[in-house]
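None of the figures in this text is laboratory data; all of them are computed from the coordinates on show. Worth saying up front: this structure is predicted, and the values here are computed from it rather than measured. Quick reminder, even Gly has a Cβ in these numbers, built from the backbone with ideal geometry, and neighbours come from all protein chains shown.
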Amino acid sequence: MQKNSLSYRDTNYFIPLVTDYLDQKENVKQFYDLFPTLENFGKQIDSKKENFDRNGGSEKRAVLVKILKDQHKSLHISKATTENIDLLEKKTTFTVTTGHQLNLFTGPLYFLYKIVTAINLAADLKKEYPEYNFVPVYWMATEDHDFEEISFFHLHGKKFQWNPPKSEKTRGPVGELPTEGLHDVFKLFSAEIGNSRYAQQLKEWFQKAYLEHDNLADATRYIANELFGEQGLVILDAHQLDLKKFYIPYLKEELFEQISFKTVQKKTEALEKEGYNVQVNPREINLFYMKEGLRERIIEKDGKFFVHGQDISWTREELQELIEKHPERFSPNVLLRPLYEEVILPNLCYIGGGGEIAYWFQLKELFEKADVTFPILLLRNSALLQTEKQDQKRKKLNISLPELFLKSHELINRKVRRISNIDINFTPQKEHLVQQFQGMYDLAEKTDKSFLNAVKAQEVKQLKGLDHLENRLLKAQKRKLEDEVSRIAALQQDLFPGKGLQERHHNFSEFYLESGDILIPNLLQNLKPLELKFDILSL
């Protein structure tokens with residue numbers, strides 16, 4: 001597999017906050033503690049170890065291991081995963097974590113990249129700090145309730161949509177969703193991919209995951225283990241009573257003191273002051289109330305607490321009692337989930353996409369107030385996968401790798417100008433015109449103001465005329481070079497579906513059909529988490 005790399009900034013697909021973070025600009029340093037370098041992970045180990053041990057780390061580890069063993073017992077797990085779960089009881093073991101929604105059949109391709117980053121980072125840290133152990137964790141977002149975001153995947157330009165029977169559960173946490181209605185998706189998927197050896201493997205994974213498991217959480221766990229179990233991946237569903245018991249003090253602070261709103265709002269305003277767009281606006285209470293078929297936000301009004309849109313309410317005393325008895329009924333939103341994660345895991349690093357990293361930057365003061373170590377934030381690996389044939393097309397069209405990431409019209413205009421046998425650049429003519437008008441301005445200075453304005457208007461008119469002629473000539477050359485233009489457009493459409501990054505659209509199955517069992521090993525070999533580069537990989 002051939003590999004080339006670009007800076008994230010040069011791709012033009014990542015927000016300024018993230019590219020400024022990667023460049024370690026001074027104005028971003030107020031939003032995090034340690035930048036992801038091997039040296040800084042040594043400092044992070046010391047900080048997390050002290051903080052986690054001081055806050056009941058041994059008990060948390062024991063409960064975590066018990067729950068993980070129970071959640072993995074229905075899977076055929078590898079020796080590496082078994083050992084990693086056991087190692088979590090030791091004070092010298094730490095996690096590196098990535099999280100993702102329970103997208104149907106993994107959803108977009110970057111699901112793989114997130115987990116590959118976690119696995120490779122754990123391996124890199126073990127080499128650098130052999131006296132410690134590092135476990136890659138995939139945090140399943142089982143408590144999310146946005147079904148529309150996860151109910152489909154794309155393959156061969158087609159959308160495979162899951163339409164389950166309407167029920168109460170479709171409005172609750174997605175992890176509890178029954179896998180009803182997926183037989184129809186399986187039939188369409190099977191017909192699309194054919195009967196090659198790799199297609200048979202994809203069918204087996206889909207069938208065993210979604211037709212032989214009762215809910216979406218169990219199905220997703222099966223898929224993730226099949227893809228990455230050999231590398232020791234540990235998969236966690238944190239929607240567990242015994243884990244949420246450790247979160248009770250933070251639940252109370254959120255409900256009765258609105259800790260996240262007060263702290264996150266400050267960092268949100270600081271981000272806006274620096275000119276960055278904010279990912280998430282905090283609510284006064286950033287918790288949901290959750291029962292079967294229900295996940296709705298909690299609202300406080302005049303000293304009483306309500307569930308939005310429901311006939312459910314509590315006094316302060318009733319709510320305190322409910323938290324103690326049933327902490328599992330309280331679900332953190334996007335701003336409080338990170339704190340829950342770092343409370344229950346001996347975690348060093350969170351691995352996420354650009355949008356995720358951006359909202360973590362809003363949370364630093366929340367972690368300080370809660371006295372929980374803020375993790376190192378690592379942008380997950382990103383990649384563009386291309387075939388050798390596509391790479392050869394690019395080279396024949398004389399398109400450089402950075403040019404490949406230009407907007408389509410920018411790239412085509414640039415290429416037409418380059419390959420045309422006439423000059424489609426009227427800059428010399430414009431400069432000559434400006435020089436000619438200078439003499440008119442000298443003359444106008446000697447007469448009245450109305451003549452000066454007339455000269456200015458004529459200059460603007462003629463410069464616009466040259467712009468118009470230049471655009472007309474460019475369009476004419478595009479028509480003349482139509483074959484070249486269409487080939488450029490087709491290549492970009494193949495590699496950037498819908499004018500976006502491939503990893504945010506294509507499902508992994510599209511590439512597994514071609515590469516099969518070497519796909520994931522190749523990703524593991526080529527994606528380097530601490531290089532902080534966007535990779536172009538030729539399959």
Using the count of nearby Cβ atoms within 10 Å as a rough guide to exposure, how do Phe186, Phe52 rank from fewest to most?
-> Phe186, Phe52
Could I have the simple spin-label model distance between Lys407 and Thr82, label points 7 Å from Cα toward Cβ, reported in nm to one decimal?
-> 5.6 nm
Note down the net charge around Thr19, summing +1 for each Lys or Arg and -1 for each Asp or Glu among other residues with Cβ under 11 Å from its Cβ.
-> -1
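Counting other C-beta atoms within 10 Å, which of Leu519, Leu406 has the fewest, and how do the rest follow?
Fewest-to-most Cβ neighbours within 10 Å comes out as Leu406, Leu519.
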Reviewing (1) 26.3; (2) 23.4; (3) 24.9, the figure for Kirkwood radius over Cα pairs in Å actually calculated from this model sits under (1)
J(HN,Hα) series, the range 97-109, from Karplus relation 6.51 cos²θ - 1.76 cosθ + 1.60, nearest Hz, glycine and proline x | 10, 10, x, 7, 5, 8, 4, 4, 6, 6, x, x, 4
Once both axes come from the Cα atoms, what is the angle between helix 449-480 and the longest principal axis of the chain, in degrees from 0 to 90, rounded to 10?
-> 70 degrees
Estimated [θ] at 222 nm from DSSP helical runs (n ≥ 4, -39500 (n - 2.57)) normalised by residues in the chain, nearest 500 = -15500 deg cm²/dmol
Among Val280, Val485, which comes first, second and so on when ranked by fewest other beta-carbon atoms within 10 Å?
-> Val280, Val485
Using modelled amide H (1.01 Å from N, peptide plane; none on Pro or chain starts), what sits under 5 Å from the amide H of Ile312, excluding residues fewer than 5 places away?
-> Val307
Arg197-Gln392 FRET efficiency (beta carbon distance; Förster radius 22 Å; 0.05 resolution) = 0.25
When only C-alpha pairs under 8 Å and at least 6 residues apart count, what is the relative contact order of the range 246-332, in percent?
-> 26 percent
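Distance cut-off 19 Å, Cα to Cα: go down the list Lys90/Lys369; Lys114/Lys364; Lys48/Lys69; Lys114/Lys245; Lys252/Lys273; Lys29/Lys267 and report the pairs above it.
Lys90/Lys369; Lys114/Lys364; Lys48/Lys69; Lys114/Lys245; Lys252/Lys273
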Stretched out fully, how many nm does the piece from His308 to Asn40 gain, at 0.36 nm a residue minus the Cα gap?
-> 92.2 nm
Please list the non-local residues whose amide H lies under 5 Å from the amide H of Phe94, H modeled 1.01 Å from N, same-chain partners needing a gap of 5 or more.
-> Asn133, Phe134, Val135
Order by protection proxy (mean Cβ within 10 Å, highest first), peptides 379-385, 281-287, 508-514, 76-82 = 379-385, 508-514, 281-287, 76-82
In nm, to one decimal, how far is the modelled label at Asp242 from the one at Ser5, with both set 7 Å along Cα→Cβ?
-> 4.2 nm
May I ask you to evaluate 6.51 cos²θ - 1.76 cosθ + 1.60, the Karplus curve with θ = phi - 60°, for each residue of the range 133-139 and list the ³J(HN,Hα) values in order in whole Hz, giving x for glycine and proline?
-> 10, 9, 10, x, 10, 9, 8
May I ask you to derive the relative contact order of the range 69-133, considering only C-alpha pairs under 8 Å and at least 6 residues apart, and to give it as an integer percent?
-> 38 percent
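Of all DSSP beta bridges in the chain, what percent run antiparallel (nearest 5)?
Counting only bridges with both partners in the chain, antiparallel ones make up about 50 percent.
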His100's amide H: which non-local residues (gap 5+, or another chain) put their own amide H closer than 5 Å, with H modeled 1.01 Å from N in plane and none for Pro or chain starts?
-> Trp139, Ala141
Estimated vicinal HN-Hα couplings, Hz - the range 368-383 in sequence order (Karplus 6.51, -1.76, 1.60; Gly, Pro = x) = 5, 5, 7, 6, 10, 4, 6, x, 5, 9, 10, 5, 4, 4, 10, 8
Please work out the FRET efficiency for the pair Lys29 and Ala123, using the Cβ-Cβ distance as r and a Förster radius of 41 Å; give the result to the nearest 0.05.
-> 0.90
Once both axes come from the Cα atoms, what is the angle between helix 216-228 and the longest principal axis of the chain, in degrees from 0 to 90, rounded to 10?
-> 70 degrees
Using only Cα atoms, tell me the angle between helix 110-128 and the longest principal axis of the chain; keep it within 0 to 90° and round to the nearest 10.
-> 70 degrees
Inter-centroid distance (Cα atoms) of the range 1-64 relative to the range 274-298, Å = 24 Å
How do 340-347, 193-200 rank on mean C-beta neighbours within 10 Å, highest first?
-> 340-347, 193-200
Once you have the Cα-Cα distance between Glu59 and Lys262, take 0.36 nm times their residue separation minus that, and quote the gain in nm to one decimal.
-> 70.0 nm
Compute the distance in nm between two label points, each set 7 Å from the Cα along the Cα-to-Cβ direction, one at Glu89 and one at Asp184.
-> 4.8 nm
Ordering of 352-358, 367-373 by burial proxy (mean other Cβ atoms within 10 Å per residue, highest first) | 352-358, 367-373
Relative contact order computed over the chain (Cα-Cα under 8 Å; 6+ residues apart), in percent = 24 percent
